[in-house]
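To start, the structure itself, in C-alpha cells.
The values are calculated or read from the model by the stated rules, or taken from the named source; none is laboratory data. Note that this is a predicted model, so its numbers are computed, not measured. Neighbour counts are summed over all protein chains in view; Cβ atoms, including those assigned to glycine, are modelled from backbone coordinates with ideal geometry. Remember, those area values only see protein heavy atoms, side chains included, never the ligands or the DNA or RNA. Shrake-Rupley method; radii C 1.70, N 1.55, O 1.52, S 1.80 Å.
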Amino acid sequence: GTGIGAEPPSVCDQVLDFVAGKDDDALARMRKPIVAAKVVVDSNQRVLITEPTTRTVHILDFVNRRYSQIDGARGDRMSVPYSIAVDADNSIYVTDLKHGRIAVYNANGKFIRYVGNFKGENLFENPRSIAIDRASGRIYVADSKRNYIVILDHDGKILAQIGRRGGGSGPAEFK
C-alpha cells in the first residue's frame with residue numbers, strides 16, 4: 001500500500017499490477033490511459049507503444065521499472081506517429097502518417113535521422129506499417145495510399161517496390 005510520504009507507483013508498476021490482477025483500479029488511477037496504435041517489444045524486453053493523439057512513443061521498461069517517452073511534438077519530429085519497429089541495435093523506427101516519412105531514434109530515444117520524405121523525395125504518402133529484418137537490416141514499409149510495399153536497406157536506399165495502383169478491385173489493389 002501507499003503510506004504518507006510513499007512514492008506513487010510508476011507507470012510500469014501500475015500496468016504490471018493491473019495485468020497481474022493485483023490492482024483492478026490501477027488503470028483508473030493512471031493520469032490518462034495510453035491509446036495505442038501499434039506496439040513492439042525490443043531485445044531488452046521494453047514495450048514501445050505509438051500514440052498518435054499525443055504525438056508520443058511510450059517506452060515501458062518493465063525489467064528496470066522505468067517509463068520514458070519520445071515526444072514527437074518536440075521540434076515537430078512526428079505529427080502522427082503510427083507504426084513502430086526496432087532493428088538489431090534497438091534503434092526505433094516510427095512511421096509518421098502526416099509527414100509521410102520515418103523518424104529514426106537510437107535505443108535511448110535520441111533522434112538520428114529521417115527516412116522517406118525529408119528532402120522532398122516523397123517516398124511515402126501514408127506509411128501505415130513497418131517491419132525490420134534484424135539479420136539483414138532491411139526495412140519493409142507498407143504505404144496504403146500508394147498501394148505498395150517498399151523495401152529499403154539500413155540506410156534508407158530503395159532496394160525494391162512491390163505493388164502498384166490498380167484500376168478496380170483485383171490483384172493490383174493493396175490495402
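If the condition is being among the aromatic types (Phe, Trp, Tyr) and modelled with pLDDT of 90 or more, then the range 123-167 contributes only TYR140. Within the range 38-67, track down each residue that is farther than 15 Å from ALA131 by Cα and of a type in the set (A, V, I, L, M). Selection gives VAL47, VAL57, ILE59, LEU60, VAL63.
Looking across TYR82, TYR93, TYR114, one residue alone is open to solvent by 20 Å² or more (accessible area, probe 1.4 Å), in contact with an Asp or Glu (Cβ under 8 Å, 6 or more places away or on another chain) and on the phi < 0 side of the Ramachandran plot. It is TYR82. Among the residues of the range 46-75, the ones that are assigned to a strand (DSSP E or B) and either in contact (Cβ under 8 Å) with a residue 60 or more places away in the chain or more than 17 Å from PHE111 (Cα to Cα) (or both) come to 6 in all.
For the structure I just gave you, tell me whether ILE70 is of a type in the set (A, V, I, L, M) and modelled with pLDDT of 95 or more.
Considered against the rule, which asks whether it is of a type in the set (A, V, I, L, M) and modelled with pLDDT of 95 or more, ILE70 comes out as no.
For the range 76-167, the strands (runs of 3 or more DSSP E) that sit wholly inside it and include 2 or more residues that are within 30 Å of ARG66 (Cβ to Cβ) and without any contact (Cβ under 8 Å) to a residue 60 or more places away in the chain are 81-86, 92-96, 101-105, 111-115, 127-132, 139-143.
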